[in-house]
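Read through the structure below, which is laid out as structure tokens, and then see the notes.
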Amino acid sequence: MIKKNVLSLVLLGVVGMGVAGTGHAAPDGMSAPIRVAAADAGQASAVSAVGVVEQIRPEQGKVKISHEAIPALGWPSMTMFFRVKDKAVLEGIAAGDKIRFELEKGATGLEITRMEKMAK
């Protein structure tokens, strides 16, 4: 009986570690955990995505984007706030712009490292 309980706890711990990952998405810019696909956990490369800028908070280094699905992360399309690695990334970007952006894992979760306007 004890062996069975220990095995169950170990399996739950392993499964829990495989699902862990964070991003920044919540109403009003609050941070909330987002499941990141297991394939992303060990990768340092950028993930590319497309979306429309809804709001920019340059003083906070955040941008709210309605993005298309991001298969590399296992995310459906949604609207969320993202942090930018460098506030300079926000220069020349305005609400309503259709953009292509790149996400990389930073110290506090996924961060936008690059943004470029796309033709509407």
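The values are calculated or read from the model by the stated rules, or taken from the named source; none is laboratory data. Quantities reported herein were computed from a predicted structural model and do not represent experimental measurements. Using ideal geometry, Cβ is built from the backbone for each residue, glycine included, and neighbour counts are taken over all protein chains shown.
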Single residue of K87, K105 found to be touching a Pro at 6+ places or on another chain (Cβ under 7 Å) and at pLDDT 50 or above: K87
Enumerate the pairs (first residue in region 55-71 and more than 15 Å from E102 (Cα to Cα); second residue anywhere and among the small types (G, A, S) and exposed (fewer than 12 other Cβ atoms within 10 Å of the Cβ)) with beta-carbon separation below 9 Å, excluding pairs fewer than 6 apart on the same chain, so at least 6 apart or on different chains. Q55/A95; I56/A94; I56/A95
